[in-house]
Structures are given as structure tokens and as C-alpha cells.
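Readers should treat all values here as calculations from the given coordinates under stated rules, not as data from a laboratory. Because the structure is predicted, anything quoted here is derived from the model rather than measured. Counting neighbours? That spans all protein chains shown, and the Cβs are built from the backbone with ideal geometry, glycine included.
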Amino acid sequence: MWDYTDKVKEHFLNPRNVGEITDADAVGEVGSLACGDALKLFIKLDENKERIVDAKFQTFGCGSAIASSSALTEMVKGKTLDEALEITNQQIADFLGGLPEEKMHCSVMGQEALEAAIAKYRGVDAPAHGHGHDHVETEGELVCKCFGLTDVFLKKVIASNKLHTAEQVTHFTKAGGACGGCIPKIKELIAEVMGEEKKAAAEKPSKLTNLRKMQLIQETLENEVRPQLWADGGDLELIDIDGSNVQVAFRKACAGCASSGYTARFVEQKLRELVSPDITVQEVQG
Amino acid sequence: MREIYLDNNATTKVDERVFEEMRPYFCELYGNPSSMHFFGGQVQKKVDEARARVASLLGALPDEIVFTACGTESDNAAIRSALEVFPEKRHIITSRVEHPAVLTQCRNLTKRGYRVTELNVDGNGQLDLNELEKALDEDTAIVSLMYANNETGVIFPIEEAARIVKKKGAIFHTDAVQAVGKIPLNMAESAIDMLSLSGHKLHAPKGVGVLYVRRGTPFRPMLVGGHQERGRRAGTENTASIIAMGKACELAEQYMADEAGRVRELRDRLERELTALIPNTRINGGGTDRLPNTLSIAMEFVEGEGILLLLSDKGICASSGSACTSGSLEPSHVLRAMGVPFTCAHGSIRFSLSRFTTDDDIDAVIKELPPIISRLREMSPFGREYLVQK
């Protein structure tokens, strides 16, 4: 049996806001019978069309899908559309005191329905999600054919929930949970997202503290530089860091190599690219 | 809250008479049956008695009974043995609706170069024996087909299948975990070579199983390192559970008429009344032979986990073929193989009865389930235009 929190059970047994709003301002639908869960969200705005005054839902799905829908409708009431768009699937799960990881896709479905409803109201294309046959987005490439999910959608969920395994991506989105054919592609997407995050972190040198800078220099040398030197039978050792001056000693094949000057420039270039543009590399004997 | 336990295909209550039978073999009669002293010897006698009781239920001979740790072990041992007996044969036949104990092993074997044919089933979950006949060839080492399906209760024509297989010289194994104790079996007049059963499905404890191996069937053990079970399954006997298994089989023989009569009538009444009270249902496997204790009912436009949780809230324990309850994302492989439409597959619930099921239990389901289904259907965005009013 699933380890549902009392709050999940309570929202499942006594769901809030079940039903339709016949004169809804916005309606968002995600999921399908074939997928095994689906959510139709109705939103009613105030007279100025600013704040959400009422929200109702119809859900086909498991206990946590119903509880997530109930939580979502409670969370959006009183919010402006922009505020509502800030709601993340993690916040829906947190509202319920957490969801089992295998059930996180229920919270993602809630967030998707909300985005779909607001996008529809504003007359723009819904953000790419693809979950649900009526709403398959053309943006992005279809990755999971079983559940109709695009790379754009998957990358968004991977990034916002900091997912790092294919199994987690399945738990959060269902992708890869049926035939499993797209699991290699999911792994590529994770690598891509993590790579982008790494780059984004490296592109912010202005916020670098000395401590962080030293850590980054060490990480870059360990992960980016030394493996390349090993490939040629060489190695280096970090001797000291003095401000932006990085002192290294070459080892093994690199030690006394005629092109060590070239290698030092390669190290400098890597550190400038990934840590800070003002770095200089100095070869020392150590 | 009193439990209304209708999930007996998942596991059963240990019959108190079974428990009483096994009780002394922990703290008092704890001897090793292999020992030379009187203290172990008296346990050996009880193990022999248990073996005879199991054999009697199956219409088998005592030396054809091998005690194992569970049904899954029996299934694994049977298939591995056949492949070792026929190292030159590289083909296995099974069905798409087998229990994972068989299916997973077969699928893993494809990675080791074996060819596996998974026979299809029709909309009722029934086999086509012509397909079996066509799939068999000289390369087939073993055919493993379940006696009765755990999810739907559908009974395969196992005797006919076994005869077809024997003509081609392959070994025939059946996973009879769900059938034993519910329908009569007679190995004396059967062509089955090997048959698996599990203790906890027939009111014995978890952790004990049996593999029936017909006299003369070549066998290679999976566990080696001891002489136990005539060298067919090494390891000190789980004496208390084996003795429990013997008692459970003796009781199962006595209760066979109850299964075929009273239990079947309870199941039929449940089926009749639920289909009358709940619109848009279908009975999975309803058009073919089924176990007397199993009802798999599909309700359109609702999802199984929600049904189970609301039933559970009323003390009713059942099971579902829905994806969400298992952590997998697809409905059960059995219902999919049967071609049950998605509108129903997610909303399939299995009620499985036992000798302990009462009229009151059935009344409780008939009272509680229809309003649960109406409530979930009202909550669902689907099906409004299709649902028949009753």
C-alpha cells in the first residue's frame, strides 16, 4: 500500500471543489483515459478578470491524482493568474505533506492543467507539455511515444525538480514507464539539463566568492582538465591559488614535456571558460 | 475495523488448524529430520506425513513431491531444470498472461540466447491450442502454462495442452498456484510433468511451496549442497511450514466441495448483483471457465486505486488490475493481453473469496461498491455521455 500522508488521504476522501464551473473563464485539460489519469480544471475570475475567485476540477485517476487536484484548486483561489503560474508541482506535493516519488506525476499533472487553463485564457499556446492527446504540443520533439511527452516538457520538469535519474523522470512524468524505449533519450536529456546548469553556474563569475572560486578551480581541474591529460599519459597537481593566479606542477608525461607551455595555456583557457575570465595559470616546480 | 477480506488470490489467512499443527515444531520438536537420533526422527515422520498429504490432494505419489520455499522458486526450478536436461534445445513456450515468476524468467532467458514464444489469449483470456501446436518444434525444451490465472481466475485447458506437448517430447510445466485447492487435480491421470503450488494461497503460511515432479521426469536441482528432497532441493527442511503445508492440503481436500458449491454461489451472487446495480461493467473472463472463487469486474471510466482506497476505508480488501496500485504505469499485462479496452482496464477490481468468506462479506460489497463507483464517476471528466442510467 502507498505510504500516503494523512493530508493526501483526507483530500482524497473529502476532495474540495469537485465539479464543473459552467461559466468558467478558463478551462485546462490534461491526460486521457489511455494514460490512466486525466484532470479537467475550471477557473473563474473576479469582475476585473484579475484574481481567481473559484476553481473546480474533474479527475479520473488514483487517490493521489484526486488529492493533488483538490489541493491545486485550494491553492489557486485568491491568486492572480501570474501568481498562480508561479505554483510548482513541488508546492502542490508540499501542500499535501509530500507524495510518494512514484506518484509525483500527479502533482505535475496539476501544474500542467493550471498552465494549460491560463494559456488558453490568454489565447497563447500552452507551454509545451504534450501530456494528453487533445493537447499534444508541436513544440519540441516527441520523446515518450506511449504517453505523448516532448523533450521541451521533460527538460522543464527535469530542471525544476532537479531530477538526475531516468527512474525519477518516470515517476514525475510517466515518460519511459510503459515500453521503456525512450529511456536512453531521457538519460540524454538529463545530461543536457545538467550540462546547461553547470554552464549557467560557471557563467556567473561576478558572484564568485574566493572560497567558491577555489572550489570551482579544483572541480574544473579534476573533472575537465586532468582526465584529458591522463588520456595522453600526463597529469598535473594544483600547488596553490593566489587570487586569480593558479599555480600548477606538471606530472608524468607532462613533466618536462616540450609542449608544456601549450598545455598550461589549455588549462588556463579551461579555467577562464568555466571559472573566471581573469585567471592566469603559472607552471611551477613542486 | 473488521476486515472484509476478499483478496485471497493475493494471500490467505492461515487456517487455525494449520497453525496448531505447525506450532510444536518451533520450540519443542525442533529436531533436524536428517539426524540419526529419535528427536530428529520423529520430525522426519511428520515431514513424511505432510508429503503424503500433499500427494493425496494432487493425486500424486509422495516421492513426486519436492518442498520448496515458495511458488516462485518452484516455477524457477522447473524451467531451469528443463533447460539443463535439454542443453541442446533453445526454445521455451509460455503465455502472455503468466505470473511474473514465469514470465520474467523466460524474458530474461531471451538475453541468454533462448527463443521464447508467448502464446496469445483471446478476449476471454483463453488460449488457442492450435497456436500452441504450431509453436512447438523439436527445439522446444519446456512449455510452461498456468493452470488458472491469478487476476481473472480463467482456467486454461491444461490437460489438453499437456498431451499436445508430450507428443513433441518437451517437458510440460504448469504454475497451479491459484488452482490447487480450488478445483480438483489428479496427477495419476494427467500428462503434466511438473506443477508448482504455493502454501500461502491455500491457508498455509508464506514461505513454503511445492514442486510436483512426475516419476521418470528428468530433473536437475537448482539448489545443491545437501541430500534433502532426494537431492532435488538441498537445504534443511522448513519443517514447521512443511508440516503446515501437509495439513493445509488435507483441509483443502475436505473443503473442495465447499469451493465448488458455497464459495461459487457467493461469487456468482456478488457478480450478479454488482452487474445489476452498477451500469457499464464487464466481467473479465466471464465467457469461459473460471475458478469458483474469483471475480474480476471492470467498471468503465473509473480508476482502480481510487476504488480500492474507498473500499479499504469501509474495511473491504480487494485488488485491482490498475496501473496506479502497483507503481507501474500500465494496466495489468493480463488485461492488456486480453484486449480489455483502456476505459475498463484501469477500473478492474478483483474480488477473490475463500472458505472463510461469509454471506455478510458479500452483502457488504454489494452495499458499499455501487455508491463508490457513482461517486468516482461523478468526479471523472469522462463517460458522462456513455453511461447507462440504472
message: So the label point goes 7 Å from the Cα of B:Asn124 along Cα→C-beta, right? Which residues of the stretch B:285-304 then have their backbone N under 14 Å from it?
response: B:285-291
- request: Between B:Ser312 and A:Ala200, take the C-beta separation as r, use R0 = 51 Å, and let me know the FRET efficiency to the nearest 0.05.
  value: 0.65
message: Students often check this: by mean Cβ neighbours within 10 Å, which of B:234-243, B:194-203, B:166-175 ranks highest, and how do the rest follow?
response: B:194-203, B:166-175, B:234-243
statement: Answer in debye to the nearest 20: the dipole magnitude of the stretch A:1-99 about its Cα centre, from +1 Lys/Arg and -1 Asp/Glu charges placed on Cβ, is 220 debye
query: Which whole-angstrom value gives the distance between the alpha carbon centres of the stretch A:139-203 and the stretch B:247-318?
result: 41 Å
- request: Using a Förster distance of 22 angstrom, determine the FRET efficiency expected from the C-beta separation of A:Asn210 and A:Arg265, and round it to 0.05.
  value: 0.35
task: Let me know the shape class of the stretch B:16-252, please: from the alpha-carbon gyration tensor, a ≥ b ≥ c as square roots of the eigenvalues, rounded when a/c is under 1.5, otherwise prolate if a/b is greater than b/c, or oblate.
output: prolate
task: Using a Gaussian network model of chain A whose springs link C-alpha atoms within less than 10 Å, name the residue from A:Thr170, A:Thr22, A:Thr150 with the highest mean-square fluctuation.
output: A:Thr22
statement: Per the rule of 0.36 nm per residue minus the C-alpha distance, extending A:Asp278 to A:Lys49 adds in nm 77.3 nm
- request: Restricting to chain B, compute how many DSSP beta bridges are antiparallel as a %, nearest 5.
  value: 55 percent
message: Could you give each residue of the stretch A:113-123 its phi-based ³J(HN,Hα) in whole Hz, using Karplus coefficients 6.51, -1.76, 1.60 with θ = phi - 60°, and x for Gly or Pro?
response: 4, 5, 4, 5, 5, 5, 4, 5, 4, 7, x
- prompt: Roughly how big is the protein assembly as shown's charge dipole about its Cα centre, with Cβ charges of +1 (Lys, Arg) and -1 (Asp, Glu), in debye to the nearest 20?
  reply: 1260 debye
- request: Grab the other residues whose beta carbon is less than 11 angstrom from that of A:Gly177, score K and R as +1, D and E as -1, and report the net.
  value: -2
task: Note down the net charge around B:Glu250, summing +1 for each Lys or Arg and -1 for each Asp or Glu among other residues with Cβ under 11 Å from its Cβ.
output: -1
- request: Please work out how much length the chain gains when fully extended from B:Glu16 to B:Glu28, using 0.36 nm per residue of separation minus the C-alpha to C-alpha distance, in nm with one decimal.
  value: 2.4 nm
message: Among B:345-354, A:188-197, how do they line up by average Cβ neighbours within 10 Å per residue, starting with the highest?
response: B:345-354, A:188-197
query: What does the charge add up to near B:Ser296, with Lys and Arg as +1, Asp and Glu as -1, over the other residues with Cβ less than 12 Å from its Cβ?
result: +2
